[in-house]
Amino acid sequence: MELSSLVNLPFGYILPFLVAITVIVFVHEFGHFQVARWCGVKVEAFSIGFGREIFGWFDKHGTRWKICWLPLGGYVRFEGDANAASMPGEVAPDAARGPGNFHSKAIWQRALIVAAGPIANFILAIFIFTAAYSVIGVPYAEPRVDEVLPGSAAEEAGLMKGDYIRKVEGRETKSFASVQEIVWQKGGVPLAIVVDRGGQEIDLTLTPRLQEVPDGFGGNIRIGLLGVKHDPATDTPLFERYSLPQAFLKGVERTWYIIATTGNYVAKLFTGNESINQIGGPIAMAKGAGDTASSGGLAFISFVALLSVSIGLINLFPVPMLDGGHLVFYAVEALRGKPLGPNAQEWGYRIGFSFVVMLMLIGIWNDVVRTISVVLGS
C-alpha cells in the first residue's frame, strides 16, 4: 500500500467494510430478536452499533430500534437484562416471573434464542451462496497444470505440464480450485491422484508440502501445496449454474467447508501449531472487504458470506459474554437444576470480556504491524 492510497481508505476500504459488518450484525441480532418474539420475550432494544444513539424509533411492541455511533457490532436487549451481554438484572421476584422476562423462560427457550444469532449468520451465508450459484453460477478453471515448479512435490511425483488432475483421493476434481481445496488441508499427507495426460489416465501418489502463504487479509496461513501453477489467462471463462435445490446443497456444503476450515485453524492455534500472528482485526477485515469490493459484486458478497460464517462460529466459542458462553451456563444450569450464582456468573463474564479484549488487541496489533510493514516496504 502506497502512502498516497491511504487517502482512499474511507471509500476503498472502510465503506465496504461497514456495509458488510452492518448486514452481518443485523442478521445476527435479528436471529436473536425473532426467536425471542416467538418465545414471548419482550425485546426492549435492537441496536446496530454501540455508544450514543444517532437516531432511533419505537415499534408497536415497544422495542427501541436504534443506530449508534460506533458501527462495530450490535445487540438486542431483553426484558430482565442488566446490559447488552444479557446478564440478568436485579429485579423483584414478581417482575422476574413476568411473561416477557427473558430470564424467566425455560432453559431450552433461552438456549434457542441465544443460538439463533449464530444460526442466522450461517443461514445468511447459505442464502448468499445459493443465490450466487443459481443465478450467476460457479466460475471455475479446468484442473490443468500449466507449470510444475522445480523441486516441488508435483515434480517428484511425476506431474507434467499439460496434465489434467481428474481425481484426488477418489474425489472428482472438475476445477483447479477443487484440487486446491483438497490439497490445502492435506499438507504432509500422501495423496492418490489420477491425471489425464493426452487422453490416458495415470495414477500417481504425492505428498503436498506445508508452506506459509498470505491469507488475503494481511496475515499468513500454513497450507499444503503441490507446487503447480495454473494460468487463468489461457482459460475461456466457465460458469456452472445449478438448479435451486442443487445450489442450496452446494451452499450448505460451502458453508460447512468454511466452518470446518475455521475450526481446524482454531484447534491448531490452541495446540500451538498455528501462530497468533495470523489473527486479524478490523483493519484486516476492512482490507478484505475493500479488495473484494474492487474485484466485483460476486467477490464481495462471497466475502460477506465468509465473514458471516466466521462471526457466527466465533460467537459459538464457549467464552462467557459470547453466545457460546451463555449456552455453557445454560448447560450447567440444566445439570445442577439451578443457575450459577451471581458471583460465579459475574466472574465468568469478566474473564470472557478480558479474553475477547485480548483477542481484539492481538488482532489490532497484528493489523498495525502489517500495515506499517507494507507502507515502509512500498
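So the values come out like this:
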{"item": "Test for TRP365: is it open to solvent by 60 Å² or more (accessible area, probe 1.4 Å), at pLDDT below 85, within 26 Å of GLN109 (Cα to Cα) and in a helix (DSSP H, G or I)", "result": "no"}
{"item": "Of all residues making up region 115-146, the number that are surrounded by 20 or more Cβ atoms within 10 Å (Cβ to Cβ), of a type in the set (Phe, Trp, Tyr) and out of contact with any Gly (no Cβ under 9 Å at 6 or more places or on another chain)", "result": "0"}
{"item": "Residue count, region 97-114 (criterion: farther than 11 Å from VAL41 by Cβ and open to solvent by less than 20 Å² (accessible area, probe 1.4 Å))", "result": "1"}
{"item": "Considering residues of region 245-281 that are polar (S, T, N, Q), modelled with pLDDT under 85 and open to solvent by less than 70 Å² (accessible area, probe 1.4 Å) only, the residue farthest from GLY137 (Cα to Cα)", "result": "SER275"}
{"item": "Any hit, region 324-339, residues being under 24 Å from ALA115 (Cβ atoms), open to solvent by less than 30 Å² (accessible area, probe 1.4 Å), acidic (Asp, Glu) and modelled with pLDDT of 80 or more", "result": "yes"}
{"item": "First in region 285-300 and under 15 Å from ALA125 (Cα atoms), second anywhere and of a type in the set (Gly, Ala, Ser) and in a helix (DSSP H, G or I), Cβ under 8 Å, 6 or more apart", "result": "LEU298/ALA132; ALA299/ALA293; PHE300/ALA20; PHE300/ALA289; PHE300/ALA293"}
{"item": "Pairs, first without any contact (Cβ under 8 Å) to a residue 40 or more places away in the chain in region 341-366, second not hydrophobic (A, V, I, L, M, F, W, C), C-beta under 6 Å, six or more apart", "result": "GLY348/PRO320; GLY352/PRO320; GLY352/GLY325"}
{"item": "Output for region 312-334, where each listed residue is over 17 Å from PHE270 (Cα atoms) and of a type in the set (A, V, I, L, M)", "result": "MET321, LEU322, LEU327, VAL328, ALA331, VAL332, ALA334"}
{"item": "Residue within region 188-199 that is within 27 Å of the chain's Cα centre (by Cα) and either at pLDDT 85 or above or of a type outside the set (Gly, Ala, Ser) (or both) present", "result": "yes"}
{"item": "Failed item, numbered, when PRO318 is tested on (1) in a helix (DSSP H, G or I); (2) at pLDDT 85 or above", "result": "(1)"}
{"item": "Failed item, numbered, when GLY224 is tested on (1) under 30 Å from VAL369 (Cβ atoms); (2) in contact with a Pro (Cβ under 8 Å, 6 or more places away or on another chain); (3) of a type outside the set (A, V, I, L, M); (4) open to solvent by 60 Å² or more (accessible area, probe 1.4 Å)", "result": "(4)"}
{"item": "Filtered residues of region 230-244 (kept if of a type outside the set (A, V, I, L, M, F, W, C) and either closer than 11 Å to GLY137 by Cα or open to solvent by 60 Å² or more (accessible area, probe 1.4 Å) (or both))", "result": "ASP231, PRO232, THR234, THR236, PRO237, GLU240, ARG241, TYR242, SER243"}
{"item": "Residues of region 290-313 classified as open to solvent by less than 40 Å² (accessible area, probe 1.4 Å), in a helix (DSSP H, G or I) and more than 19 Å from ARG254 (Cα to Cα), total", "result": "1"}
{"item": "Residue list for region 30-48, filter: open to solvent by 20 Å² or more (accessible area, probe 1.4 Å), part of a helix (DSSP H, G or I) and either closer than 22 Å to SER302 by Cα or in contact with a Phe, Trp or Tyr (Cβ under 8 Å, 6 or more places away or on another chain) (or both)", "result": "PHE30"}
{"item": "Close pairs (7 angstrom Cβ cut-off, 6 or more residues apart or separate chains): more than 18 Å from GLY74 (Cβ to Cβ) and acidic (Asp, Glu) in region 317-334, part of a helix (DSSP H, G or I) and open to solvent by 30 Å² or more (accessible area, probe 1.4 Å) anywhere", "result": "GLU333/ILE107"}
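This table checks each residue for (1) among the hydrophobic types (A, V, I, L, M, F, W, C); (2) farther than 27 Å from ALA36 by Cα; (3) assigned to a helix (DSSP H, G or I).
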site: GLY98; (1), (2), (3): no, no, no
site: GLN109; (1), (2), (3): no, no, yes
site: ILE119; (1), (2), (3): yes, no, yes
site: ILE126; (1), (2), (3): yes, no, yes
site: SER134; (1), (2), (3): no, yes, yes
site: GLU142; (1), (2), (3): no, yes, no
site: PRO150; (1), (2), (3): no, yes, no
site: GLU156; (1), (2), (3): no, yes, yes
site: LEU159; (1), (2), (3): yes, yes, no
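The values are calculated or read from the model by the stated rules, or taken from the named source; none is laboratory data. All of these numbers come straight from a predicted model, not from anything done at the bench. FYI the Cβ positions are ideal-geometry reconstructions off the backbone, even for glycines, and counts take in every protein chain you see. What goes into the accessible areas is simple: the full protein's heavy atoms, side chains included, and nothing from ligands, DNA or RNA. Shrake-Rupley method; radii C 1.70, N 1.55, O 1.52, S 1.80 Å.
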